[in-house]
1. List the pairs whose first member sits in region 49-60 and is at positive phi and in contact (Cβ under 8 Å) with a residue 12 or more places away in the chain, whose second member is in a loop (DSSP other than H, G, I, E, B) and surrounded by 11 or more Cβ atoms within 10 Å (Cβ to Cβ), and whose Cβ atoms are under 7 Å apart, counting only residues at least 6 apart or on separate chains?
2. For region 21-64, what are the residues that are aromatic (Phe, Trp, Tyr) and over 23 Å from Val216 (Cα atoms)?
3. Count, please, the residues in region 186-219 that happen to be hydroxyl-bearing (Ser, Thr, Tyr) and assigned to a loop (DSSP other than H, G, I, E, B).
4. Residues being assigned to a helix (DSSP H, G or I) and in contact with a strand residue (DSSP E or B) (Cβ under 9 Å, 6 or more places away or on another chain): count how many of those fall in region 38-62.
5. For region 156-169, indicate whether the set of residues that are of a type in the set (A, V, I, L, M), modelled with pLDDT of 90 or more and surrounded by fewer than 15 Cβ atoms within 10 Å (Cβ to Cβ) is non-empty.
6. Has region 134-143 got at least one residue that is among the basic types (Lys, Arg), part of a helix (DSSP H, G or I) and either modelled with pLDDT of 95 or more or more than 13 Å from Pro97 (Cα to Cα) (or both)?
Amino acid sequence: MNNSVGNTARLLGAGLRALLVLTVICGVLYPLAVTGIAQLAFGDKANGSQIKDASGQVVGSSLIGQTYTLPKQAPSGPATGDDPEQAAEPDLKWFQPRPSRGLGSNSVNQQYSLILSGATNKAADNPDLVKLVTEAKDAVIADNSTATYEVKPEDVPADAVTSSGSGLDPDISPEYAKIQVHRVAERNGLDVRQVEKLVKDNTAGRALGFMGEPRVNVLELNTALKALTES
């Protein structure tokens with residue numbers, strides 16, 4: 001009987017010691033080591049790839065797309081901003097991102113008009129998708145044509161009228177950025193060449209020179225645009 005109790009006590013003691021050691025190693029030392037290495041080697045990425053404006057304020061992440069819209073307006077009154085189905089007009093002084101039509105409006109937290117991440121999963125010949133793309137293309141042509149520059153239908157790239165698989169793509173193609181240059185320059189009172197240079201400076205090439213496609217991060221581009229307009 002005494003031997004059985006003693007053996008049980010020794011087993012419990014060994015188990016508790018193992019639990020304590022593993023907790024310290026796996027729950028404290030390992031997370032601290034991984035966090036420290038990440039901060040030293042990849043500090044920017046570990047902190048969410050944050051983008052800051054000229055004043056040092058964080059304006060977002062380079063990994064998550066944002067919208068640039070005017071305040072939402074009620075049908076016959078001032079801005080309310082509390083109706084997730086209420087359409088928001090694009091603020092055309094900024095470069096516009098890809099459409100963010102994903103799974104629809106947030107139905108969980110009605111305090112914010114969020115778009116849930118995800119694709120529409122509509123087939124290419126789906127009438128609803130065809131209608132959305134057609135309307136988006138007409139809007140891109142109308143919004144980006146100016147007195148001195150006309151956007152032709154064949155110049156509108158696919159990413160200007162379709163959302164990505166997540167609906168949160170932070171990048172657009174250089175072609176889509178290019179057709180927005182004249183409108184952005186006109187709305188901000190800038191020379192077209194200044195805005196073209198902004199686009200060029202914020203265009204990233206293919207990864208390792210051969211993977212993916214050239215891309216323009218819209219948040220980084222608009223942050224640079226804001227700095228230029230305020231200088």
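The values are calculated or read from the model by the stated rules, or taken from the named source; none is laboratory data. Model, not experiment: these values are computed from the prediction. Quick reminder, even Gly has a Cβ in these numbers, built from the backbone with ideal geometry, and neighbours come from all protein chains shown.
1. Qualifying pairs under 7 Å: Ser49/Ser62; Ser49/Leu63; Gly60/Gln66.
2. Within region 21-64, the first condition is being aromatic (Phe, Trp, Tyr), and the residues that meet it are 30, 42.
The one that is aromatic (Phe, Trp, Tyr) and over 23 Å from Val216 (Cα atoms): Tyr30.
3. The initial filter retains those residues of region 186-219 that are hydroxyl-bearing (Ser, Thr, Tyr), namely 203.
Still in the running and assigned to a loop (DSSP other than H, G, I, E, B): none.
Final tally of qualifying residues: 0.
4. Taking region 38-62 as the starting set, the residues that turn out to be assigned to a helix (DSSP H, G or I) are 38-46.
Still in the running and in contact with a strand residue (DSSP E or B) (Cβ under 9 Å, 6 or more places away or on another chain): 44.
So the count comes out to 1.
5. yes
6. Looking only at region 134-143, we keep the residues that are among the basic types (Lys, Arg), and these are 137.
So of that shortlist, the ones also part of a helix (DSSP H, G or I) come out as 137.
Imposing the further condition that a residue be either modelled with pLDDT of 95 or more or more than 13 Å from Pro97 (Cα to Cα) (or both) reduces the set to 137.
Yes, region 134-143 contains a residue that is among the basic types (Lys, Arg), part of a helix (DSSP H, G or I) and either modelled with pLDDT of 95 or more or more than 13 Å from Pro97 (Cα to Cα) (or both).
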